[in-house]
């Protein structure tokens, strides 16, 4: 158990606070649940507080921002194409951090794309918290900056008829 906790702490130390992924939006959707399972177990069984890390607060926002208006496509960079299928872990992240406005957009995304982007339906039952409902996506910023990966996203709205653009800087200086 000591070695497992040591490994969790090591990975935790390098999680980007802005919730982003250097490999692109698709990879966080693939890897997110694999991060979440051991951190939930550690928080419950060992009394740690890993889920309070800003990464878990911001990963839902990162994902929503990297979806084009109307959820027609993804603002892709890195090794990313398509939507990916493991979005359900985001329910846990947004409910833990009471990110109701982000959950509102995830619900819209879920209702449009269903099992195509929320594979493993039982994960939805495991992590979706109906008590976190009631947010308003209009409270979400139409501009986003993710400094860890050098990405800026600007949109004039969230619906299909709106426009958006992503700018990725390859040389980020912190």
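The values are calculated or read from the model by the stated rules, or taken from the named source; none is laboratory data. Predicted model, so just to flag it, every value in this text is computed and none were measured. Cβ: placed from backbone, ideal geometry, glycine included. Neighbour counts: every protein chain shown.
Results, tabulated for the structure shown:
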| read-out | value |
| --- | --- |
| Residue under evaluation residue 130, criteria (1) farther than 27 Å from residue 8 by Cα; (2) touching a strand residue (DSSP E or B) at 6+ places or on another chain (Cβ under 9 Å); (3) surrounded by fewer than 20 Cβ atoms within 10 Å (Cβ to Cβ); (4) free of Cβ contacts under 8 Å to residues at least 60 places away in the same chain, criterion not met | (2) |
| In the stretch 1-51, residue surrounded by the most Cβ atoms within 10 Å (Cβ to Cβ) [restricted to those that are farther than 27 Å from residue 119 by Cβ and in contact (Cβ under 8 Å) with a residue 40 or more places away in the chain] | 48 |
| Top-ranked residue of the stretch 117-127 - restricted to ones that are surrounded by 12 or more Cβ atoms within 10 Å (Cβ to Cβ) and at negative phi, ranked as modelled with the highest pLDDT | 127 |
| Residue in the stretch 97-115 that is at pLDDT below 95, farther than 21 Å from residue 141 by Cβ and touching a strand residue (DSSP E or B) at 6+ places or on another chain (Cβ under 8 Å) present | yes |
| Residue ID - nearest to the chain's Cα centre (by Cα), chosen from residues in the stretch 42-61 that are farther than 21 Å from residue 87 by Cβ and part of a helix (DSSP H, G or I) | 52 |
